[in-house]
Amino acid sequence: MDFLETLISLPPLLYAPLLVGSLCLVFNYLVYSRRVAQWRKSNIPFLSPSFLIGHKYFWGVGSNSATVVPLDRIYQENKDKDLVAFFIATMPVVLLRKPALIKQIFAKNFDEAFKTGIAVSHNDEIEPHMLSQSSNKSVWKAHRSALSPMFSTSRFSGERFAMIKHHISHMWAHVEEARLQGKPINTKEIAMNFVLGSVSNSFLDLDYNSYEKEGELRKFLKSFVDPGWDKLLSVFTQMHFQGTPTLESLKLITQKHIESMKSLLQKQMKLRNQTGDNKNDLIDLLIRLKEQDGDAKLDSESGVTVEMISLGLSLLLGGCAGTNTVDNMVSFTMHLLSLNPNYQERIRQEVEDVMKKHNTTEFTYEVVRDLHFLNQCLHETTRLFPNTSALTRVCTDDFTPAGTNYTFKKGERIIVDTYSIHRDPEYFENPNVFDPDRFSPKNRDTKSIDAFLGFGKGPRKCPGNNVGLLIASTLIGSLVHKYEVRPHSHTQQMDAFDFHPRSFAIVHKDDVLVNVLPREVLAH
């Protein structure tokens, strides 16, 4: 019996799977061969893929960090190259290795490489308006301009910082309760509660103390940021299938998220209209935008526009002022300080010196603003543990970066491996060592400045990083001023194998617990 007779003799139900399988094989072959041919013409070095799978280092996704470990191995094995191309499954990407080339593409070629790697689908109303994902430059500029007042640290001075001080008291009370019970504190929980309280109070006028009760806003945020296979698949789908309609189950921001944000904004805007208060926060901003754009299409029930919802989500979820970004930075910083008591003592001394300078014994905006060594510690934490494992761009036009012979095609996906660049000894001496002094004014040089990508690069660099650093400094400074922090669950510095295997963000897979001891106990 020849092959044709064998095929004819198969049950009819097997025809469809065979046909689909065959089409998949053909599709993969065409994708691989076409893109490899383009890379050859563009002088871009590439790594041969394994058929259907892409690069072999991504076979272990789910068993270790989703992207950090495989990207780092590729980065380390191609030290002689400015860039290298490869496949993640059937998705072609180009990894940039040199800071000068990254700066060129992300800044000088910004117009040609504008889109972020997480593209929005055609059937989505909200994500095209979010700062982190908008592919429309005019929309992105308008929304960035609208939110820029929210990202000014000076707006946290005076009475607004006095409200943040309430959250210092909440945090101290929670830490003290755990200490008296002989329990360690969970750095992620402490950070999330403090950051969420500060952000919700400062931007949304919510009196929120999640140390006592897990409210709806925290549940909403956790549903978005908690790692899982669904989040991993959602990110990969939106990266791989640029702009195509996406099933609701594969969206990063689901209809449930949208309805939650709509309900929150509707409630707060209604309350603000009733009180007539002017607090110069996000709610006031949205009310002004609504008044200015009387022709905007409103939701018939809530009176909230798509733009309003997008701005609210951008503030809470995206950028360096986003709650998940800041609490990750704080959690990793507490871990590192617990292993380095000498740096804790330097922070305490700095706090006392700055308080004396401003003639106060309390934390104020002016005190936190002048905690320069603590700011160095946060930058060093961000170098060792950047929030995202990769910065991504999609080329919006064909272009050749000045001074190179590399030609990028429209639709080309570009990746920057922040973790590996930050730990490259070519740019940072003793790169795996926690050394905040490398960010002191006298030690920083052009080479390290260009290689530091913790808050992004170019015009799409995180607009809220200074606000995030201010909130983080307030938490860390007030905690270390009152307590000695000592390691409990992690007695050695974490590395890539400690990251969550089902997250594209760099988050630790296990709770990081630390012990605390009051300074007055240490003094005796």
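Observations on the structure shown:
- Of residues in the range 492-503 being in contact with a helix residue (DSSP H, G or I) (Cβ under 8 Å, 6 or more places away or on another chain) and open to solvent by less than 50 Å² (accessible area, probe 1.4 Å), the one modelled with the highest pLDDT: MET494
- LYS461 vs. criteria under 23 Å from ASP370 (Cβ atoms) and either of a type in the set (D, E, K, R) or in contact with a Lys or Arg (Cβ under 6 Å, 6 or more places away or on another chain) (or both): no
- For the range 434-467, the set of residues classified as touching a Ser or Thr at 6+ places or on another chain (Cβ under 6 Å) and not hydrophobic (A, V, I, L, M, F, W, C) consists of GLY454, ASN466, listed by residue number.
- Selected residue (only one of ASN78, ASN43 is in a loop (DSSP other than H, G, I, E, B), over 30 Å from PHE385 (Cβ atoms), of a type outside the set (A, V, I, L, M) and at pLDDT 85 or above): ASN43
- Taken across the range 243-252, residues that are β-branched (Val, Ile, Thr), at pLDDT below 75 and either in a helix (DSSP H, G or I) or open to solvent by 40 Å² or more (accessible area, probe 1.4 Å) (or both) do occur, with at least one present.
- Residues in the range 380-421 that are surrounded by fewer than 19 Cβ atoms within 10 Å (Cβ to Cβ) and closer than 18 Å to ILE476 by Cα: none.
- Helices (runs of 4 or more DSSP H) fully within the range 93-212 counting 2 or more residues that are buried (at least 22 other Cβ atoms within 10 Å of the Cβ) and without any contact (Cβ under 8 Å) to a residue 40 or more places away in the chain: 187-204
- Subset of the range 341-371 that is in contact (Cβ under 8 Å) with a residue 12 or more places away in the chain and of a type in the set (Lys, Arg) - its residue that is farthest from PHE439 (Cα to Cα): LYS357
- If you check PRO401, PRO459, PRO463, PRO386 for being over 24 Å from HIS481 (Cα atoms), in contact with a His (Cβ under 7 Å, 6 or more places away or on another chain), part of a loop (DSSP other than H, G, I, E, B) and in contact (Cβ under 8 Å) with a residue 12 or more places away in the chain, only one passes: PRO386.
- Scan of the range 46-75 for residues that are at pLDDT below 85 and in a strand (DSSP E or B), ordered by number: SER50, GLY54, VAL61, ASN64
- Residue identified as farther than 25 Å from ASP495 by Cα, charged (D, E, K, R) and touching a helix residue (DSSP H, G or I) at 6+ places or on another chain (Cβ under 7 Å) among GLU366, GLU350, GLU412: GLU350
- Flag for ASP424 being under 22 Å from ALA496 (Cβ atoms), among the charged types (D, E, K, R) and crowded, with 21+ Cβ neighbours inside 10 Å: no
- Sole residue being in contact with a Cys (Cβ under 8 Å, 6 or more places away or on another chain) and in a helix (DSSP H, G or I), chosen from LEU337, LEU378: LEU337
- Any hit, the range 499-507, residues being among the polar types (S, T, N, Q) and out of contact with any Asp or Glu (no Cβ under 8 Å at 6 or more places or on another chain): yes
- Subset of the range 453-465 [touching a helix residue (DSSP H, G or I) at 6+ places or on another chain (Cβ under 6 Å) and buried (at least 19 other Cβ atoms within 10 Å of the Cβ)]: LEU453, GLY454, PHE455, LYS457, PRO463, GLY464
- The one condition in (1) modelled with pLDDT under 95; (2) touching a His at 6+ places or on another chain (Cβ under 9 Å) that PRO431 fails to fulfil: (1)
- Of all the numbered requirements in (1) surrounded by fewer than 15 Cβ atoms within 10 Å (Cβ to Cβ); (2) assigned to a helix (DSSP H, G or I); (3) at pLDDT 60 or above; (4) of a type in the set (A, V, I, L, M, F, W, C), VAL36 misses one, and that requirement is (1).
- Scanning the range 432-448 for residues that are open to solvent by less than 20 Å² (accessible area, probe 1.4 Å) and either free of Cβ contacts under 8 Å to residues at least 60 places away in the same chain or of a type in the set (Lys, Arg) (or both) yields a single hit, SER448.
The values are calculated or read from the model by the stated rules, or taken from the named source; none is laboratory data. Note that the structure is predicted; figures quoted are calculated from it, not measured. Positions of Cβ are backbone-derived with ideal geometry, glycine not excepted, and every protein chain shown enters the neighbour counts. For the accessible areas, the whole protein counts, side chains as well, though only heavy atoms, and no ligand, DNA or RNA atoms are used. Shrake-Rupley method; radii C 1.70, N 1.55, O 1.52, S 1.80 Å.
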